[in-house]
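Structure record follows, encoded as structure tokens.
Read-outs: derived from the displayed coordinates by stated rules, not from any lab. Predicted model, so just to flag it, every value in this text is computed and none were measured. Glycine gets a Cβ as well: all are built from the backbone with ideal geometry, and neighbour counts include every protein chain shown.
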Amino acid sequence: MGCSLVHFAVQNGTSIFAPVSPPADQIRQLFFLVVAVCAGILFIVEAVLIYSLLRFRRKPSDPTSEPPQVYGSMPIEIAWTTAPALIVFLFVLALFRTESNIRVPPIPEGSEPVHVTVIGHQWWWEFHYETEDGKVITANELHLPISDPDGGTQRPVILTLQSADVCHSFWVPRLAGKIDLIPGRTNTLWFQTQQPGTYLGQCAEFCGVQHANMLLRVVVESPEEFRRWLDNERKPAREPSNDTLRKGRTTFLNTSCVNCHRIRGTTADGAFGPDLTHLMARKTLASGMVENDRAQLRQWVDDPQVTKPGCLMPAMKLSPTEIDLVVEYLRSLE
Ligand code: CUA
């Protein structure tokens, strides 16, 4: 069962046993060291226990016999005080070594790290990319280029983490350890990987009713794919190409959706909810809970509380026709 659980976690991209980045690898090594030492202690303690049970068990031939009793043995007292202290000290040293190995990102000369600001919200993730040509804002799906393509220069990813409300924790097990997003404070985290793929993560600090559904995905792709994605994200929203989409846009802009959501290139400029400028570039909705398809999007626009009870977006009480129009328009935002 243990194996199938590990297998499940690897398959789903969240296993600490399948690191693809140096910090995650260091943490796995530390984990194995602690487990090995603890397994050794368990083995020794159980062996002594079983030996004592067998060696000193009451014999039918001599029911009153008792093993020799020892009180206040100085050597034994010293031994079982110093041994655990030494083991804990060893763990502390190993922890400090891991900490110092993963704290500072290696930035070789000529390398351009990827800087992203991550903002935790109840219950979704906001990502800001600072590029030469302006800011890109997106949500829940973090796109990154692979580091060191074809043995080139390493390109670490450096995240700056903040919170808009309560404490959250950013955790993508295959890439790095957990780090808290704390109101009024800025933390940083780095990782880099040469392995393209989608890595799943989630909030690892209880932050309210939908904490368990504060999921995130990290999409690591080739430098060209990343560049293409970023170029698309930088553009303002697509203009509606037909009447239905134009009506959909007008409906959207006339509701209070615009107080919370931004669609760049329109008057919608809310910053409380996820940026929708390129909504269809994302594979999921509701912070990774459901697939971003027509049915789920329609359900979400109709009443988000059905998909994600307790989330901060209320049902907008639109008529079925209005919902269809808004969904059509949103689905054109590639
Ligand atoms: Cu955010 Cu738990």
- request: Would you work out if the range 223-275 is rounded, prolate or oblate? Take a ≥ b ≥ c from the square roots of the eigenvalues of the alpha-carbon gyration tensor; rounded if a/c is under 1.5, else prolate when a/b is larger than b/c, oblate otherwise.
  value: oblate
query: What value, in deg cm²/dmol to 500, does the helix sum -39500 (n - 2.57) over DSSP H runs of n ≥ 4 give at 222 nm once divided by the residues of the chain?
result: -12000 deg cm²/dmol
message: Between helix 22-55 and the chain, what is the angle of the helix's C-alpha long axis to the longest principal axis, kept within 0 to 90° and rounded to the nearest 10?
response: 30
task: Apply the Karplus parameterisation 6.51 cos²θ - 1.76 cosθ + 1.60, with θ equal to phi minus 60°, to every residue of the range 92-99 and state each ³J(HN,Hα) to the nearest whole Hz, in sequence, with x for glycine and proline.
output: 4, 4, 4, 5, 4, 5, 4, 4
task: Return the sequence-ordered ³J(HN,Hα) values of the range 317-331 in whole Hz as given by the Karplus equation 6.51 cos²θ - 1.76 cosθ + 1.60 applied to θ = phi - 60°, using x for Gly and Pro.
output: 6, 7, 6, x, 5, 4, 4, 4, 5, 4, 5, 4, 4, 4, 6
query: Mind ordering 131-138, 200-207 by average Cβ neighbours within 10 Å, highest first?
result: 200-207, 131-138
query: For residue 163, which sequence-distant residues (separation of 5 or more, or a different chain) have an amide H within less than 5 Å of its own amide H, given hydrogens modelled in the peptide plane?
result: 120, 182, 184, 185
task: Report the extension gain between residue 69 and residue 109 in nm, rounded to one decimal, defined as 0.36 nm multiplied by the number of residues separating them, less their alpha carbon distance.
output: 7.6 nm
message: Rounded, prolate or oblate, given the Cα gyration tensor of the range 1-138, with a/c below 1.5 counting as rounded?
response: prolate
statement: With a ≥ b ≥ c from the Cα gyration tensor eigenvalues, square-rooted, and the rule rounded for a/c under 1.5, otherwise prolate when a/b > b/c and oblate otherwise, the range 243-330 is rounded
message: What would the Debye equation give as log₁₀ I(q)/I(0) for the range 78-194 at q = 0.12, 0.15, 0.17 Å⁻¹, counting only Cα atoms as equal point scatterers?
response: -0.56, -0.77, -0.92
field: Calculated from backbone phi, Karplus (6.51, -1.76, 1.60) coupling profile of the range 120-130 in Hz, x at Gly/Pro
entry: x, 10, 6, 10, 7, 10, 10, 10, 10, 9, 8
field: Pair-distance profile P(r), taking every C-alpha pair of the chain, with 20 angstrom steps and integer %
entry: 25, 45, 19, 9, 2, 0
- prompt: Using Cα atoms only, what is the angle between the long axis of helix 243-254 and the major principal axis of the chain, expressed in degrees (0 to 90) to the nearest 10?
  reply: 70
